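Below is one structure, written out as structure tokens, with a few remarks after it.
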Amino acid sequence: MPLELVSAPPRPVSRPLVMPRWNRSLPARLVRDFSHATWINWFTHTFARMRVDGLEHLRTLSPPVIFAANHQSHFDTPVLFAALPRRWRRRLAPLMLKDYFHAHFHPEEHSRAARLSSGTQYYLSALLFGAFPLPQNETGLRTALRYAAELAAAGWSLLIFPEGQRNDTGEMTDFLPGVGLLAARLKIPVVPVRLRGTGAALPKEANMIRRAAVEVRFGPPLRLAGRNYEALADQIERAVRAL
């Protein structure tokens with residue numbers, strides 16, 4: 001699933017964006033916890049021979065934090081959930097690129113089959129991973145930022161892929177300033193995360209997943225402040241690259 005922090009030309013908003021607060025309800029959290037404890041983690045470990053390092057950096061932390069990771073594959077999110085201890089993954093909310101679900105949010109422009117496929121993927125992402133949409137226009141971005149603040153106030157951590165695109169070659173691209181803005185506005189620690197091997201398991205253009213060695217490495221938390229969001233994003237990027 002794409003969970004990308006992107007920078008793109010503004011797109012007009014056809015209707016107010018409603019965040020999926022329903023996925024924080026008790027029934028939704030019970031479904032999510034059960035799914036991860038049974039088939040989702042089983043599926044992830046079936047295709048990812050996982051090595052996880054750096055969990056000791058989380059032992060002295062309490063939620064909320066921002067997990068900022070490089071982005072190689074749609075497989076990144078399940079792998080990160082599987083790598084985290086239960087106390088972290090049960091209150092983790094990834095940001096997902098709203099435009100990936102264009103047919104769901106703009107049904108008038110798409111066929112019934114496209115709307116059904118897009119809507120199903122959107123609701124499953126929100127239910128099974130607690131994800132919420134990140135719009136590309138300024139008004140929608142403000143809505144997403146307010147919702148992120150609401151999540152943090154309720155003790156939920158955020159998962160962000162600040163490159164804004166998947167890169168399954170293993171090479172990282174520059175982090176976009178949105179992650180610096182979030183860190184500064186929310187005033188919560190940023191945990192850098194380096195992923196390796198997920199691009200081999202599920203390359204960008206592939207339709208089928210295959211078994212691969214996967215590494216997840218967590219770094220020491222960063223506590224950031226200031227209004228130079230590009231500089232803050234650069235600092236987070238350097239921390240991820242160093243892992």
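About the centre of its Cα atoms, the chain shows a dipole size close to 840 debye [charges on the beta carbon of Lys, Arg (+1) and Asp, Glu (-1) only; nearest 20 debye].
Adding -39500 (n - 2.57) for every DSSP H run of four residues or longer, then dividing by how many residues the chain holds, sets the calculated 222 nm ellipticity at -11000 deg cm²/dmol.
In square nanometres and to one decimal, what's the mean projected area of the convex hull around the Cα atoms of the stretch 199-243?
Details: hull surface 18.7 nm².
Value for the stretch 199-243: 4.7 nm².
Less than 5 angstrom separates the built amide H of Leu134 from those of Met96, Leu97, Lys98, all sequence-distant by 5 or more or on a different chain. Within the stretch 21-241, antiparallel bridges make up roughly 20 percent of the DSSP beta bridges whose residues both belong there. A protection proxy built from the mean count of other Cβ atoms within 10 Å ranks the segments 146-152, 203-209, most packed first, as 146-152, 203-209.
Quick note: the coordinates plus some simple rules give every number you see, no bench work behind them. No experiment lies behind these values; they were computed from the predicted model shown. Every residue, glycine among them, receives a Cβ derived from its backbone with ideal geometry; neighbour counts consider all protein chains shown.
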